[in-house]
Structure formats: C-alpha cells, structure tokens
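What follows is calculated from the coordinates using simple rules that are stated; it is not laboratory data. Here the structure is a predicted model, which is why all the values come from computation and not from measurement. Heads up, the Cβs are rebuilt from the backbone with ideal geometry, glycines too, and the neighbour counts pull from every protein chain shown.
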Amino acid sequence: MQITDERRKRVIDLYFSQHKTYAEIARLEKISPRDIHAIIKEEEARRQKYKQQEISAESLTLLSEGKTSVQVAMALNLPASKVSKLYREYCNLSGLDKLNTIFKETNGKIWTFLKLYKELIKKRRMSIEQVVNAVGIAGDKLPYMESLYKQVKDEAEKMQCTIQRLANDIRALERKISILVKIALSSEEECKRKEQQLQELANKKERIEKLIVNVLNREGYTNLKAIVKENVKAVLTSD
C-alpha cells in the first residue's frame, strides 16, 4: 500500500509528539506495524543526521570563535574522538589542513616555524615576502656557511688545545719557580748561618787574643806578644 506524505507526517507526529505506541498508531491510521516501523526508523535516521549537522555547525562556530577542543567537548558534551574529527573538518574548511600536514612532516617540530614568525615577522616587522626572500638567500648560502662554520669550529678546537697546552706549560713553570724560590730562601738562610758562624769565630778570636795579651803582660813576656798573636791567627785561619 502506498503511504502518502500526509499520512507519513501523521504517523511521525503520533509517535514523536503524542508518544503513541505502534498498536495505537496502527489502529488510528489503519496501517501495519511493519510500515510504521519503517517510517519511524527513517525519521529517526533523518533526525539523527540533522542533529549531527547541528552539532557540526555549532562546533565549527565555537572553533572559529577561538575555543579549544576541550572547551568544545565540554560545551556540546561530546567525546574526544568526535571533537577531534570535527576539528579536522574545521581545519580542512579553514585551510589549516596544510598546517597539520607540516606538523606531520616535521614530526611535531612546528615550533620552529613559530619561532621564525616571532623573530622575523612579529619582532622585526618583516613581511612574508621578505621572509621568503631571506630564507631563499640563506638557503643558497647555507652550504658555504656550514663549511665556514666547520672551519671556524676546527680552528676554535685547535686554539683550545693550544690554550690547554700553554696552560700546562705555565703550571709547570710555576712549579719550577716555586722550587727555585724555596732553594733561594734556603740558600739565603744558609748564608745567614755562615755569617753568624764567622761572626762567632771572629768574636772568639778576639777574646783569645785579649786573653793571651793579658797573660803575657802579667808574666813579663812582652817580646813574645807578636809571635803568639801570629800563631793564634794561624790556628784560627788554618781551616
């Protein structure tokens, strides 16, 4: 039996708006439960599709307003998988799919482009064309710059080795100087001891000479003074 659109609308109204059962609808509209089930199933599919479209439209609106995926999921009570799918659709529609492609190709290191944006475009106020030209020039000169950098790095390493060698030589010289200073101090102390010993010997010599002179004067041997003096001098200086 052909079911008209008018009867289809009445069945839908009875089921969804008036909450009638299949049996009640069949009695009122003189239609079989099988046909009622087919109409209800088709309407449910249509409503589900419409609801999905509404959710998609609302989520796209929220994303375009700058809302994050988490905020969209909380606002629409959606699972993360659904929000991720909607976000991909939003990216495709807004041209951000290219950014996702770059993200994948760079293994997630898209922060390099953000740094380029901050340093050149935002900080130095360069236009996109200027940045493209600068990168192109840098790309042409990059092999030469890399070679130059390697040469400078090698020279720096050689200089570092030279500096280390000179530092070792300086430390060795400092050790030698320290030893020489100790030797000089020791020699100076030894000279002072020798001078003290010589002074003590000179004092001893003077005392002996005075003693002999006194003895000779007291005994009357005045003629022997010079002879004894010379003998004492010889004894004292014989070493």
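Would you be so kind as to identify which of TYR50, THR21, SER64 lies farthest towards the positive end of the dipole of segment 5-106, taking Lys and Arg as +1 and Asp and Glu as -1 on Cβ and the Cα centre as origin? Working it through, the farthest residue towards the positive pole turns out to be THR21.
Can you compute log10 of I(q)/I(0) for segment 5-106 with the Debye formula, treating each Cα as one identical point scatterer, at q = 0.13 Å⁻¹? Calculated log10 I(q)/I(0) at the listed q: -0.63.
In terms of other Cβ atoms within 10 Å, SER17, SER56 run from fewest to most in the order SER17, SER56. Shown in residue order for segment 8-23 are the 3J(HN,Hα) couplings computed by the Karplus curve 6.51 cos²θ - 1.76 cosθ + 1.60 at θ = phi - 60°: 4, 5, 5, 4, 5, 5, 4, 7, 8, 8, 9, 6, 7, 7, 4, 5 Hz (x for Gly and Pro). Past 26 Å, Cα to Cα: identify those pairs from LYS20/LYS51; LYS9/LYS30; LYS158/LYS182; LYS182/LYS204, in the order given. Result: LYS158/LYS182; LYS182/LYS204 exceed 26 Å.
Residues whose amide H lies under 5 Å from that of MET126, counting only those 5 or more places away or on a different chain, are ILE121; hydrogens are built 1.01 Å from N in the peptide plane.
For the peptides 43-49, 171-177, the ranking by packing is 43-49, 171-177, with the highest mean count of neighbouring Cβ atoms within 10 Å listed first.
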